[in-house]
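Working notes, structure below.
The values are calculated or read from the model by the stated rules, or taken from the named source; none is laboratory data. In this text the structure is predicted, and so the values were computed from the model without any measurement. Don't worry about glycine lacking a Cβ; one is built from the backbone with ideal geometry, like all the others, and counts go over all protein chains shown. Heavy atoms of the whole protein, side chains included, go into the accessibility calculation; ligands, DNA and RNA do not. Shrake-Rupley method; radii C 1.70, N 1.55, O 1.52, S 1.80 Å.
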Amino acid sequence: MDTDVSGLTIFGALKKAFQDHPSSPAYDFLGSRRTCGDMYADIISFSDRLTYLGVKRGDRVAICLPNIPQALIAFYAVNRIGAVSVMVHPLSSPNELSFYVRDSDCKAAIILDSLLGSFPEPGDDNGLSFVMPVSPYTMLPPLKRLATVGKRLRISYSDSVVAWVGPTAPATEPDTSPEDTAVVLYTGGTTGTSKGAVHTNRSINSSMSCMLGLIDISEVSRVLSIMPLFHGFGLCTCIHAPLCIGVECILMPTFTIDSVCKAVVKKRIDAIIGVPSLFKKMVENPFLASSDLSFIRVMFCGGDLMSVSDLREMNAFFREHGAAGVQVGYGLTETVAAVAVMPKGEYREDSVGLPLADHEVRIVGLGTADEVPDGTEGEICIRGPSLMAGYLDGSETADKVFMEHPDGHVWLHTGDIGEKDADGYLLFKGRFKRMIVTSGYNVYPAQVENTLCRSPLVSECCVIGVTDQFRGEKVKAFVVLADGVPPTDETRDELRAFMRSNISAYSKPREYEFVDTLPKTKVGKIDYRALQDS
């Protein structure tokens, strides 16, 4: 397929692809499979339904669903009529749901039926005209669907609570520009208030095209679509990119690690895209330990920093079982998905790879627009077609994120610390906002965590700064110990000795706290703010 779709809308890119392979499978949802032609017809029908309900070009529609067929259909149908999809996590709290609706000024919301009681009711105070509750059960194969009759919620429909199926009106495809707003993706909120990153048709399609150029997803036939659609990584890499090249999406709305591993082997899923915690759990799963995985041709990890020790362990495990190695990448919500990826077949410790096609990465001095030499730490800045247009509220935050450099171009300042080596490979060090200043020295928690996780005593960890009378801040580590390691003073002394020989004196943790688990955000990242606030 020609992956240059920069001049098309998101729906236009899908339409072009589906016309090329209408009989190819589009998705598999717990055994229910639809072809590209079937899915295309579903999108057309649902866009007609939205048109009947009054949704028009420019309207914002919240899509608050897990990875179920209705989420895919709604996303493309909204884009077809020129409206804007606001992607919302279905496990958000009632306060968070209310914030997203008000912040994005949504006209309509397509939600999981179980959320109806906690989702904001349509009314003049929030701008919602209607909510549309949907059930994942209706998309199951016939026998499985019949078995869920008693589990389905009874919905009282009205003018403000409408059904997925109902009267339609022929939709028209407006003359939408690639530069028009298409999607709002909310940042994780782990560094402050969650912000809506505004993405255009061009930024979504560009991200998709660039990813296809480096991770070779075109070599495969089935991708594990486990990353959530509300996350740019999941939306672009696990859904939009595969569908646009005829790769079947294996949808898993809810899962356990056992169910994931069994599905991978049973369905011979040859592309797995996920976060570090997913791959870590796969390596530890006894079912995979005795399985031949030679059918896996693409494994891509992003969404969070991968420690060197974890990456070594994963690559050793998967290659021992015949699978491809794990490729890592770097990106953020403001760039949809990854903007740098380790090329297939290459491996450099501590590096997240090379910039994607048409993207540039440079390192500047903190608080400046001045580029620093290779091998020097500074702030990561990005320029390229997948960058967001701005934040939804148009606040001053965007003015601080975008900055014109001496070269005359506007660059995105990520707030992340990194460096480039002489070959142009990017090394990601951590968030600038997470930086700990202790006795006048800058300490980056991600670097300390990476080192600490190399110890065989440690399963996972999180490092924060805590107030200290003498140093201003001191480094504290929360540690989940490896199986069988006792939480004793002797273990703590062993960790101190390990860190003394592997990291600078000012960077080593002054305090260790052993915990059973670490708090996680909705996308599986370690929530360091929760530890800071505890």
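When you look at Ala171, is it touching a residue at least 40 places away in the same chain (Cβ under 8 Å) and either assigned to a loop (DSSP other than H, G, I, E, B) or hydroxyl-bearing (Ser, Thr, Tyr) (or both), yes or no? The answer is yes for Ala171.
Considered as a group, the residues in region 313-338 that are among the acidic types (Asp, Glu) and open to solvent by 40 Å² or more (accessible area, probe 1.4 Å) include one that is modelled with the highest pLDDT, and that residue is Glu320.
The rows are residues; the columns are (1) free of Cβ contacts under 8 Å to residues at least 60 places away in the same chain; (2) among the small types (Gly, Ala, Ser); (3) open to solvent by 20 Å² or more (accessible area, probe 1.4 Å).
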| position | (1), (2), (3) |
| --- | --- |
| Pro286 | yes, no, yes |
| Ser291 | yes, yes, no |
| Val308 | no, no, no |
| Leu311 | yes, no, no |
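Go through region 278-304 and give me each residue that's of a type in the set (Phe, Trp, Tyr) and in contact with a strand residue (DSSP E or B) (Cβ under 6 Å, 6 or more places away or on another chain). Answer for region 278-304, where residues must be of a type in the set (Phe, Trp, Tyr) and in contact with a strand residue (DSSP E or B) (Cβ under 6 Å, 6 or more places away or on another chain): Phe279, Phe300. Considering each residue of region 27-36 in turn, at least one proves to be over 20 Å from the mean Cα position of the chain (by Cα), surrounded by fewer than 18 Cβ atoms within 10 Å (Cβ to Cβ) and under 20 Å from His240 (Cβ atoms). Evaluated against (1) surrounded by fewer than 18 Cβ atoms within 10 Å (Cβ to Cβ); (2) on the phi > 0 side of the Ramachandran plot, Gly303 falls short on exactly one condition, (1).
The residue of region 240-283 that is least open to solvent (accessible area, probe 1.4 Å), among those that are without any contact (Cβ under 8 Å) to a residue 24 or more places away in the chain and closer than 23 Å to Arg319 by Cα, is Ser259.
Residues in region 124-152 that are modelled with pLDDT under 90, open to solvent by less than 90 Å² (accessible area, probe 1.4 Å), at negative phi and assigned to a loop (DSSP other than H, G, I, E, B): Asn126, Leu140, Pro141, Ala147, Thr148, Arg152. Could we say that Asp159 is in contact (Cβ under 8 Å) with a residue 12 or more places away in the chain and acidic (Asp, Glu) here? Spelling it out, Asp159 is indeed in contact (Cβ under 8 Å) with a residue 12 or more places away in the chain and acidic (Asp, Glu).
Assessment of region 186-195 against the conditions (in contact (Cβ under 8 Å) with a residue 60 or more places away in the chain, of a type outside the set (Ser, Thr, Tyr) and in contact with a Phe, Trp or Tyr (Cβ under 6 Å, 6 or more places away or on another chain)) yields at least one matching residue. Any residue that is over 14 Å from the mean Cα position of the chain (by Cα) and either surrounded by fewer than 23 Cβ atoms within 10 Å (Cβ to Cβ) or of a type outside the set (Val, Ile, Thr) (or both) - is there at least one of those in region 225-233? No, every residue in region 225-233 fails to be over 14 Å from the mean Cα position of the chain (by Cα) and either surrounded by fewer than 23 Cβ atoms within 10 Å (Cβ to Cβ) or of a type outside the set (Val, Ile, Thr) (or both).
Residues in region 513-534 that are under 22 Å from Pro90 (Cα atoms), at pLDDT 85 or above and open to solvent by 50 Å² or more (accessible area, probe 1.4 Å): Lys520 only. Residue count for region 76-114, restricted to those that are in a helix (DSSP H, G or I), in contact with a Phe, Trp or Tyr (Cβ under 7 Å, 6 or more places away or on another chain) and more than 20 Å from Asp124 (Cβ to Cβ): 4.
In summary, Gly58 fulfils each of the numbered conditions (1) at pLDDT 95 or above; (2) open to solvent by less than 10 Å² (accessible area, probe 1.4 Å) with the single exception of condition (2).
Consider Arg297 carefully, then state whether it is in contact with a helix residue (DSSP H, G or I) (Cβ under 7 Å, 6 or more places away or on another chain) and farther than 23 Å from Ile526 by Cβ. Taking the combined requirement at face value, the residue satisfies it. Restricting the first member to region 497-512 and to residues that are exposed (fewer than 13 other Cβ atoms within 10 Å of the Cβ), and the second to residues that are part of a loop (DSSP other than H, G, I, E, B), the beta-carbon pairs closer than 9 Å and six or more apart or on different chains are Arg500/Lys508. Of the residues making up region 460-475, those that are open to solvent by 30 Å² or more (accessible area, probe 1.4 Å) and of a type outside the set (Val, Ile, Thr) are Glu460, Gln469, Phe470, Arg471, Gly472, Glu473, Lys474.
Scan region 426-443 for residues that are in contact (Cβ under 8 Å) with a residue 40 or more places away in the chain and open to solvent by less than 60 Å² (accessible area, probe 1.4 Å) and report the count.
Our first condition is that a residue be in contact (Cβ under 8 Å) with a residue 40 or more places away in the chain; within region 426-443, this holds for 426-434, 438-439, 441, 443.
Narrowing further to those that are open to solvent by less than 60 Å² (accessible area, probe 1.4 Å): 426-430, 434, 438, 443.
So the count comes out to 8.
The residue of region 418-444 that is modelled with the lowest pLDDT, among those that are within 28 Å of Pro343 (Cβ to Cβ) and hydroxyl-bearing (Ser, Thr, Tyr), is Tyr444.
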